[in-house]
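What follows is calculated from the coordinates using simple rules that are stated; it is not laboratory data. Since this is a predicted model, take the numbers as computed values, not measurements. Note that we place each Cβ from the backbone using ideal geometry, even for glycine, and neighbour counts take in every protein chain shown.
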Amino acid sequence: MISCTEFIPCYSELFTYLEEKHGRDEVEHLWEYLFKPTGEGNPLINFLKNEGLHGCWSYWTGSLNEEAAEFTMYLNEKRGFFMIDMHRCPSKGRLLDLKDELGIEPYLDYCLHCDGYRAAVEKVGLKYIYNFNGVDHAACCILIYDDKIFDGRVIIDKDTLVMDRKAADNEYFHRDFHSGMNQGIEYLGSKFGLEEVTEFLTRYTKNVHRRTIEAIKQEGLAAIEKNIIETYRKEKMEDVLTTVLADNTLAVSVTYCPAVQHLHATGRTVSAWYRYTTEIVMKTFAEAGGYKFTMESYDEETGAAVYRFE
């Protein structure tokens with residue numbers, strides 16, 4: 001499992017991988033797939049169908065607060081507009097931090113993927129304007145409006161709902177990122193097969209977890225155990241994990257996968273390729289330290305797994 005707190009660099013690395021391997025059009029195809037307004041992946045369309053323009057407020061209230069974004073959000077249903085003034089996007093901001101920390105380059109047009117929301121917005125008859133000014137420092141602005149009501153003026157008055165948040169106001173913990181990971185690996189696997197799933201996840205692990213890999217070379221299995229424990233701590237699911245490190249062997253048991261549990265709970269279909277987000281990442285760690293990795297069992301329904309390094 002790749003933690004939902006580690007999803008953003010994986011997302012960016014997938015865009016980069018696809019462009020290098022198959023060209024820019026393939027990245028566009030992925031974005032269309034991720035944001036297809038069916039409700040099976042990104043849930044914005046469900047909010048819009050149920051609440052109209054107010055659904056924008058409901059959807060982004062959840063996601064932006066869970067992502068610990070710095071933003072000001074406005075909704076005026078009488079004037080027919082909804083706006084997000086993103087002061088610092090947690091996704092692009094995280095990528096810029098990783099660039100400074102690890103030298104990982106964010107996907108060049110990373111912020112363009114958010115234009116995918118347009119498909120859901122326009123499907124219900126609303127209009128969507130995405131202002132990309134400021135994306136180089138993780139800022140942007142989105143305006144969604146009802147052209148039957150909106151007169152072109154964003155006027156903040158007594159009828160306007162306003163939400164203003166700083167990153168420190170919330171904890172960064174957005175479980176629905178597991179859906180994006182699930183969709184991304186499904187797209188890659190179903191279109192290009194296990195070889196490219198393996199190639200991509202190996203590349204992701206070596207790039208994003210380079211500090212862990214260096215630690216494995218110095219500390220051995222203890223560094224792998226530390227990484228696994230930290231992953232489940234971030235997911236607030238330490239109780240599903242058991243690790244035993246002894247006699248140059250690390251045995252790991254997971255009673256169920258937090259990501260798989262979330263996907264089932266939100267009505268998603270778990271990708272047949274999802275298991276490899278554990279298997280390939282762990283195998284890459286093992287190879288970095290010269291260890292043998294064995295996936296002894298994996299339950300497709302729950303994500304329960306038993307695996308070993310030796």
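Which shape class, rounded, prolate or oblate, goes with region 44-169 when its Cα gyration tensor gives a ≥ b ≥ c as root eigenvalues, a/c under 1.5 marks rounded, and past that a/b bigger than b/c marks prolate?
Working: a/c = 2.07, a/b = 1.73, b/c = 1.19.
Note, shape of region 44-169 comes out prolate.
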Fraction of alpha-carbon pairs in the chain farther than 30 Å apart, rounded to whole percent, equals 36 percent
Put +1 on the Cβ of each Lys and Arg and -1 on the Cβ of each Asp and Glu in the chain; which of Thr212, Leu64, Thr277 then has its Cα farthest toward the positive end of the dipole?
Leu64
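Can you tell me the order of 300-308, 233-241, 116-124 when each peptide is scored by its average per-residue count of other Cβ atoms within 10 angstrom, highest first? Present the calculation step by step, with values, prior to reporting the outcome.
On the way: 300-308: 16.9, 233-241: 15.0, 116-124: 19.1.
Highest-to-lowest ranking by the protection proxy: 116-124, 300-308, 233-241.
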Sort 245-252, 24-31, 175-182 by packing, meaning the average of other beta carbons within 10 Å per residue, with the highest value first.
175-182, 24-31, 245-252
Enumerate the lysines that Lys49 could reach by cross-link, defined here as Cα to Cα under 24 Å, with residues fewer than 8 away along the same chain left out.
Lys36, Lys78, Lys123, Lys127, Lys148
Extreme residue, positive dipole direction of the chain, given options Leu188, Leu48, Val260 (C-beta unit charges):
Leu48
Efficiency of FRET from Cβ geometry, Glu287 and Asp169, R₀ 45 Å, rounded to 0.05
0.60
Under 16 Å from a point 7 Å along the Cα-to-Cβ line of Arg153: which residues of region 70-100 have their amide N that close?
76-81
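Calculated FRET efficiency, Ser297 and Glu105, Cβ-Cβ r, R0 51 Å, to nearest 0.05?
Details: r = 38 Å, r/R0 = 0.74.
It comes out at approximately 0.85.
Normalised by the number of residues in the chain, what is the relative contact order in percent for Cα pairs under 8 Å and 6+ residues apart?
Working: 498 pairs, mean separation 61.7, N = 310.
Worked out over the chain, it gives 20 percent.
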So how compact is region 225-310: Cα radius of gyration and Dmax in angstrom?
12.9, 42
Find how many whole Å separate the alpha carbon centroid of region 43-68 from the alpha carbon centroid of region 215-259.
35 Å
So if I average 1/r over every pair of distinct C-alpha atoms in region 120-200 and take the inverse, what Kirkwood radius in Å does that give?
17.2 Å
In debye to the nearest 20, the charge dipole size for region 166-310, taken about the Cα centre with +1 at each Lys and Arg Cβ and -1 at each Asp and Glu Cβ, equals 420 debye
